[in-house]
Amino acid sequence: MPYCSDDDLLLTADVMVSPAEKTRFIRLTSEAMDAKLGYLYSVPINLDALPPHQKLLLKTINAKMATGRMLMSSSVGSQNTEVNAYAAYLIREAEMDLASIANGQVDLNAPRVDEAGDGVGVVADPTVEDPFARIPGGWNPDQTSAVTTFEKNYMTETTEQIKFTPADNILGEGRSTRIR
């Protein structure tokens, strides 16, 4: 199922491409997208179930990639060793956006699959339950270093400032006790 239409392609009026070719490139590109997204989501993704911004993301990826591939294929006969820069840019942008979904940096509100390809349903956004779920964090367990003092002063909810004195132990583990 294509994620964009012929009108969504990023072509100027002077680029002459037959409607059949446009449809073919859109279909091939959406199949390539489904091949990558199929590791995480049940494909083809039902666009009607997605929020508007997620629909637009998939539409933009499909349009950029199809346009880039179409321009690359049409320029093969006219350029010897140079790559069409605009086409390469569109494909690179589309691949980066697609990779952000495939790598889990951007979650779609779509049914997921497990490693075997079996459906597991829609996975809830983790930030609903835990607002810090997507914020990286870490803790240095060295209880006598200046790093621990810094982390306790600036990376926890404590309001009392702790002074660093070399060789004095800092009591406790220094981590946030609030369960997330």
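Any read-out appearing in this document is the output of simple, stated calculations on the displayed coordinates, not a laboratory observation. Owing to the predicted nature of the structure, the values given are computational and were not obtained by experimental measurement. As a convention, Cβ positions derive from the backbone with ideal geometry for all residues, glycine included, and neighbour counts pool all protein chains shown.
Counting pairwise Cα distances across the range 1-77, what percent come out greater than 19 angstrom?
Value for the range 1-77 (Cα pairs over 19 Å): 34 percent.
Convert each backbone phi in the range 91-108 into a coupling constant with the Karplus relation 6.51 cos²θ - 1.76 cosθ + 1.60 (shift: θ = phi - 60°), then list the ³J(HN,Hα) values in order as whole Hz, x for Gly and Pro.
Listing the rounded values in order: 5, 4, 4, 5, 5, 5, 5, 5, 5, 5, 6, 5, 8, x, 6, 10, 9, 9 Hz.
Between Thr158 and Thr127, what FRET efficiency follows from the Cβ-Cβ distance if R0 is 35 Å, with the result rounded to 0.05?
So the FRET efficiency works out to roughly 0.90.
Going Cα to Cα from Lys152, which lysines come in below 19 Å? Please leave out same-chain ones fewer than 8 positions away.
Lys163
Ratio to report: Rg/Rh of the range 1-160, with Cα atoms as the point set and Rh obtained by the Kirkwood method; give two decimals.
My calculation puts Rg/Rh at 1.17.
With θ taken as phi - 60° and the coefficients 6.51, -1.76 and 1.60, list the Karplus ³J(HN,Hα) couplings across the range 113-122 in order, rounded to whole Hz; mark glycine and proline as x.
Each residue's phi maps through the Karplus curve to give 10, 8, 4, 7, x, 7, x, 10, x, 7 Hz.
How much net charge surrounds Leu90 when only the other residues with a Cβ under 15 Å from the Cβ of Leu90 are counted, with Lys and Arg +1 and Asp and Glu -1?
+1
How would Asp48, Asp118, Asp107, Asp130 line up from fewest to most surrounding beta-carbon atoms within 10 angstrom?
So the residues, fewest neighbours to most, are Asp48, Asp118, Asp130, Asp107.
How much length is gained if the chain between Tyr89 and Asp48 is pulled fully straight, taking 0.36 nm per residue apart and subtracting their Cα-Cα distance, in nm to one decimal? Intermediate results must be reported in sequence, preceding the final value.
Working: separation 41, 0.36 × 41 = 14.76 nm, distance 2.92 nm.
Between Tyr89 and Asp48, full extension yields an extra 11.8 nm.
Quickly work out the Ala35-to-Leu10 label distance, labels modelled 7 Å from Cα along the C-beta direction, and quote it in nm with one decimal.
The modelled label-to-label distance comes out at 2.2 nm.
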